[in-house]
Each structure stands twice: as C-alpha cells, then as structure tokens.
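For reference, the structure is listed below as structure tokens.
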Amino acid sequence: MSIKIDLTNKNVLITVASGNIGSDITLKFLEAGANCICIDKSLKNLKKLNFKKKFLKNITFIEINFEKKNFIQNFLKKIKKNIKIEVLINNAGYTSSESFLKYNLKDWKKTLEINLNAPFILSQLVAKKFMKFGGSIINITSLAAEQGFPNNVAYVASKGGLKLLTKAMAVDLANKGIRVNSVGPGYVKTKMTKQSWLDKKKRKNRSERIILNRWATPTDIANTCIFLGSELSNY
C-alpha cells in the first residue's frame, strides 16, 4: 500500500536547491504540493533547474551567499515578512581536500562558515520568527559525521558538529513543537562524487562496504526528507 504525502500550501525552505540532492529534495516537496523557497549563492544555478511549468508558481528563488556576514539581512529583505515556514532543510555543503598538516585556515573557516555556522544562524532565525509553533528542521550531515576521512579535516569537523548541533537543537526546540533531525548520507552518486564513481576500483570498494551493495541516489535522500518534513514523522 502506498502512502501519499500531502503538503499542499506548506512552505519549505531549502538551501542550495540547485545541487543534485537539493534539486531532488525540492522536486519531492513540489510533487507533494508544497511551496518551495530555494536558496543558492547564484540565481543562475537555480534558474537552470528544469522543473515542469506546473510547479513554477510554487517556487521562490532567493540568492544568498552564506560566506557574507550580512546574509541574514539579505534573506529578510527578500522573504515575505509574515510567511510561516513549516520545514527548513539545511542542505548547503562545501569541501576542500588537503592533508591536516597542510590545511590552511582560510579553507577551514570557509567550510565551517557554510557547513556549520550558516545552519545554526538560519535555524535560529527560522525557529524564532517563522515557525510560530511546530515545524521540522532537517540538517543534511554526512558519513563524515560518523568517522574520520583522510585529507578532509574541516568537512569532517563541520559535519560532526552539525550532527551534535542537531541533537542540541532537538532538545531546546521540543517545547516549541519543532522536530529537529539529521540525515547522514553515505556515498551518493552526485557531481561532487563523480571522480570516485568513475574510478571502478573505488566504486566497487565502496559499494562492498555498504549493506545494500550500492551507492545512494539523490532521490533516496529526498525520500527521507519528505518523510521527516511531513506529519508521518510527528513522533
């Protein structure tokens, strides 16, 4: 028996909606009837999304750069003042690969700014101003939040921090009826992992370490998010 999720007229805020995972998440929510507010650092990236015409009236594109200190002020200028946001999905992610001994402070700060600081600041704002009572915040973490990976210290640290931030937020926001969860993807076939996917040896090695013996697709992650964003996950 299939269960149809109906999110008609619910407002969903998704960061970096132009990526492989972000665009699939957006599509899932659009198909469920939601209004999607899509954030990206470039409107050009968002306008490349090829959604069906019937969905266009339910999409708002907002250009925000999380590296800039005034990104919240820019966000508030571009969003309706009295809007209610039922779901926030912190999907933004950045990575810069280098060994620990050579890792520079600039890349460290940029990674934490995008992967950890932005979700904290945006979640706090949305929980205060746009979620009157009840709602769902979903943070996209990573397998890197569970174990160390070589040559990626800032990404591992930021995603580990986001996982624990999720737990702290869940405790602090429970009295407002706001659910906070994280989704920690393992290996997902995206543009970011293209190099590893095309390396047959790496792909085979990583597939064999996964119980289902396959990499995830962006749709797999989107399906989890649509569940967490719906009333099916109320408890």
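The values are calculated or read from the model by the stated rules, or taken from the named source; none is laboratory data. Here the structure is a predicted model, which means the values were calculated and not measured. Note that each Cβ is placed from the backbone with ideal geometry, even for glycine, and that neighbours are counted across all protein chains shown. Just so you know, the surface numbers come from the protein's heavy atoms only, side chains and all, with ligands and any DNA or RNA stripped out. Shrake-Rupley method; radii C 1.70, N 1.55, O 1.52, S 1.80 Å.
Which order do peptides 147-154, 133-140 fall in by mean Cβ count within 10 Å, highest first? Please list the in-between numbers first.
Details: 147-154: 14.9, 133-140: 21.6.
Ranking, from highest mean packing down: 133-140, 147-154.
Starting from the Cα of LYS102, step 7 Å along the direction of its Cβ; do the same at ASN9; then give the gap between the two resulting points in nm.
Computed distance between label sites LYS102 and ASN9 equals 5.7 nm.
Given a 1.4 Å probe, how much area per residue of region 1-143 is accessible, in Å²?
That works out to 55 Å² for each residue.
Using a 7 Å offset from the Cα along the Cα-to-Cβ direction at both ARG209 and PHE55, what is the distance between the two label points in nm, to one decimal?
3.2
Under a 1.4 angstrom probe, counting protein chains only, how are ILE62, ILE72 ranked by accessible area, largest first? Show your work: numbers first, answer last.
Details: ILE62 5, ILE72 30 Å².
Largest to smallest exposure gives the sequence ILE72, ILE62.
Can you work out ³J(HN,Hα) from phi for every residue in region 33-42, in order, using Karplus 6.51 cos²θ - 1.76 cosθ + 1.60 and θ = phi - 60°, giving whole Hz and x for Gly and Pro?
Going residue by residue, I get x, 6, 9, 10, 9, 9, 9, 8, 6, 9 Hz, with x marking Gly and Pro.
Which pairs in the list LYS109/LYS202; LYS44/LYS200; LYS106/LYS202; LYS54/LYS80; LYS57/LYS77 are over 28 Å apart, alpha-carbon to alpha-carbon?
LYS109/LYS202; LYS44/LYS200; LYS106/LYS202
222 nm [θ] for the chain, helices only, -39500 (n - 2.57) per DSSP H run of 4+, per residue, to 500?
Details: 9 runs with 88 residues, N = 235.
Taken over the chain, the calculation gives -11000 deg cm²/dmol.
When you count, for each residue, the other Cβ atoms within 10 Å and take the mean per peptide, how do 52-59, 162-169 rank with the highest first? Write out the running numbers ahead of the final one.
Numbers: 52-59: 11.4, 162-169: 17.5.
Most protected by this proxy first, the peptides run 162-169, 52-59.
Roughly to the nearest percent, how much of the accessible area of region 1-69 is carbon and sulfur, given a 1.4 Å probe?
Percent of accessible area from carbon and sulfur atoms in region 1-69: 49.
For LYS53, which aspartates and glutamates qualify as cross-link partners when the Cα separation must be under 13 Å and same-chain residues fewer than eight apart are set aside?
Here the aspartates and glutamates satisfying the reach criterion relative to LYS53 are GLU31.
Using 7 Å Cα-to-Cβ label points, what is the LYS201/ASN70 separation (nm, one decimal)?
Once both label points are built, they end up 5.1 nm from each other.
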